[in-house]
Amino acid sequence: MSAFLGKIHYWLYDKIKLHEKLIENIVELAERNGYNNEILLSESYSKYGAPVKGLLENEIEHSNIHGWLQERIISVESRLAYVVTELLKNNIVKKEDISHVFYENAVNIMKELRINEGSPEDFFKLIFDYMLEGMPCDRGNQINESNETMITWETTRDLHKVYWDEVGGNISNYYYFRDSWINGFLSASGTGYEYTRTENGTNAIRKV
């Protein structure tokens, strides 16, 4: 059955699993603060579905590959928004501490990759090999300029806001956390690249 699956499906599933790991790490952070997460996680599963952790070829609906992956994205993004929003609302964790979870996740990934050279566009592509940005056909980013020292792009379609709105959360929190992930990723590469994002959705990776 797995013969029907291509590299792009495993690529997307790996991105989903990374975000499941981020939720796990945030929950662990809350537990270290003395919080019992059982009710929160149970509610998140009831509302948005439980995580799928097995091998893709064993878990996926082979008759509905695209639809199944789309459902997994909706589930993990919704649960991330819900868990974070509830923990922040109840003052269980600080926003800065969640940001550090994202940062450290990215640092650890880059340490495993050991990639210390490449153009800004190479790193732009690499970042979104890990960060979720909808399905491949959604195309939420549009490159404006790319050269050896800089790449800039516009977020033309916010693919995350709907999940944060659904739970009464603040989408700016999500981008704050993702900014930390990207900066951790770049910092650990040792390339001297830095990421910035303006309020109007203009993103840039440039040599410092």
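On the stretch given as the stretch 23-51, residues that are in a helix (DSSP H, G or I), over 21 Å from the mean Cα position of the chain (by Cα) and of a type outside the set (A, V, I, L, M, F, W, C) total 6. Of everything in the stretch 145-188 that is among the aliphatic types (A, V, I, L, M) and surrounded by 15 or more Cβ atoms within 10 Å (Cβ to Cβ), the residue that is farthest from the chain's Cα centre (by Cα) is MET150. Annotation: THR155 fulfils all but one of (1) modelled with pLDDT of 95 or more; (2) out of contact with any helix residue (DSSP H, G or I) (no Cβ under 6 Å at 6 or more places or on another chain); the unmet one is (1). Tell me whether the stretch 123-138 contains one or more residues that are of a type in the set (Val, Ile, Thr), in contact with a Pro (Cβ under 9 Å, 6 or more places away or on another chain) and assigned to a helix (DSSP H, G or I). No, the conditions are met nowhere in the stretch 123-138. Is it the case that the stretch 98-108 has a residue that's out of contact with any His (no Cβ under 6 Å at 6 or more places or on another chain), closer than 14 Å to PHE177 by Cβ, aromatic (Phe, Trp, Tyr) and part of a helix (DSSP H, G or I)? Among the residues of the stretch 98-108, at least one is out of contact with any His (no Cβ under 6 Å at 6 or more places or on another chain), closer than 14 Å to PHE177 by Cβ, aromatic (Phe, Trp, Tyr) and part of a helix (DSSP H, G or I), which makes the answer yes.
Taking the stretch 78-94 on its own, how many of its residues are over 14 Å from VAL52 (Cβ atoms), crowded, with 18+ Cβ neighbours inside 10 Å and among the charged types (D, E, K, R)? Counting residues in the stretch 78-94 that are over 14 Å from VAL52 (Cβ atoms), crowded, with 18+ Cβ neighbours inside 10 Å and among the charged types (D, E, K, R) gives 1. Scanning the stretch 159-176 for residues being free of Cβ contacts under 8 Å to residues at least 40 places away in the same chain and either within 28 Å of TYR10 (Cα to Cα) or in a strand (DSSP E or B) (or both) gives a total of 5. Determine, yes or no, whether LYS207 is touching a residue at least 24 places away in the same chain (Cβ under 8 Å), basic (Lys, Arg) and either within 26 Å of GLU86 (Cβ to Cβ) or in contact with a Ser or Thr (Cβ under 6 Å, 6 or more places away or on another chain) (or both). Yes; evaluated as a whole, the condition is true for this residue. Exactly one residue among GLU117, GLU96, GLU104 is modelled with pLDDT under 95 and at negative phi, and that residue is GLU117.
The values are calculated or read from the model by the stated rules, or taken from the named source; none is laboratory data. Note that the structure is a prediction, hence the values are computed from the model and not measured. Methodologically, a virtual Cβ is constructed for each residue, glycine included, from the backbone with ideal geometry; neighbour enumeration extends over all protein chains shown.
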